[in-house]
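Okay, structure first, notes after.
The values are calculated or read from the model by the stated rules, or taken from the named source; none is laboratory data. Being a predicted model, the structure only gives us computed values, none of them experimental. Quick reminder, even Gly has a Cβ in these numbers, built from the backbone with ideal geometry, and neighbours come from all protein chains shown. Remember, those area values only see protein heavy atoms, side chains included, never the ligands or the DNA or RNA. Shrake-Rupley method; radii C 1.70, N 1.55, O 1.52, S 1.80 Å.
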Amino acid sequence: MRQQIAAANWKMNLTLQQGEQLLNEIIAKPHSLSAHQSAVFAVPFPYLPMAQAKLAGKTNVFVAAQNCSNKKSGAYTGEVSVEILQSVGIQYVVLGHSERREYFLESNQFLAEKLDICLASGMKPIFCCGEPLEIREAGTQNEFVAKQLAESLYHLSAEQLQQVVIAYEPIWAIGTGKTASSAQAQEIHAFIRAALAAKYGAAVADTISILYGGSVKAANAVELFSQPDVDGGLVGGASLIADEFVAIINALK
Ligand code: PEP
């Protein structure tokens, strides 16, 4: 079975103390992860060592950065490289979140550079894609997402692609309380998998975890995750509430 993943995206929320408290609460609540299931916590950069220490020794639990530089090292004040992240033990990084695309003008080509640096160093990217509302209303979401995949991913080898987790996040559903229906999520996840199969072959496409993101919460996670091509979720708001995120972990198939 493909890896099923519940990924928390704390964004720019919580103080260090609040983050520690949240992880303490999550750890204390009953949850179990089988071999094909993982939980990932994408926390602000300064909290990475704290989260690593709190979650050390927990099987299938990983800490992620929310971004990394497209440069290897050097005079890029304020940037954080893959090498720096790996030096504090980080194995996952979220790339191309719609907030980075919108507020920091990250393009598909720029993200391709970040993917290359990650994959050359053994860092696992969680690559976000997804359409804005006007594209969904025009019914051209498949074409929009296909272009994001083609421009950021399709130069990768099959072996490299298999290191990438994809998160489909319709922008109109992020932080809005509006969730894609499970049928809408399944439809576009199946489209993404078919597009990957057309480029890399079905055997490769079948191994790629495709997460859904956009107002996932305890109340809708079971139904969303039960869809055959939905392999878990990337979760913003609900990941800041221990009961909610533990229920989301427990909703993984
Ligand atoms: C996200 O941050 O990727 C996200 C999907 O946020 P939310 O769950 O709050 O919609």
Cα Rg, Dmax, the range 40-176, angstrom units: 15.4, 48
Packing-based ranking, highest mean first, of 125-137, 93-105 given that Cβ atoms within 10 Å are counted: 125-137, 93-105
If you place +1 on the Cβ of every Lys and Arg and -1 on the Cβ of every Asp and Glu, how big does the dipole about the Cα centre of the chain come out, in debye to the nearest 20? 420 debye
So, for the range 4-250, what is the accessible surface per residue at a probe of 1.4 Å, expressed in square angstrom? 42 Å²
Could you tell me the relative contact order of the chain? Use alpha-carbon pairs under 8 Å, at least six residues apart, and round to a whole percent. 22 percent
For the range 1-62, what is the convex hull volume of its Cα atoms per residue in Å³? 79 Å³
In Å and whole numbers, how far do the C-alpha atoms of the chain stretch along each principal axis, longest first? 46, 44, 34
For every helix of n ≥ 4 consecutive DSSP H residues, a contribution of -39,500 (n - 2.57) applies; sum these over the chain, divide by its total residues, and give [θ] at 222 nm rounded to the nearest 500 deg cm²/dmol. -12500 deg cm²/dmol
Taking the highest mean first, how do the peptides 217-229, 66-78, 241-253 order by number of other beta carbon atoms within 10 angstrom per residue? 241-253, 217-229, 66-78
Say a paramagnetic label sat at a point 7 Å from the Cα of residue 253, along Cα to Cβ; which residues of the range 218-243 have their backbone N under 15 Å from it? 221-233
3J(HN,Hα) from dihedral phi, the range 123-130, Karplus parametrisation 6.51/-1.76/1.60, rounded to Hz, x for glycine, proline: 8, 8, x, 9, 8, 8, 9, x
Over the range 4-250, with every protein chain in place, what whole percent of the accessible area is carbon and sulfur at 1.4 Å, could you tell me? 55 percent
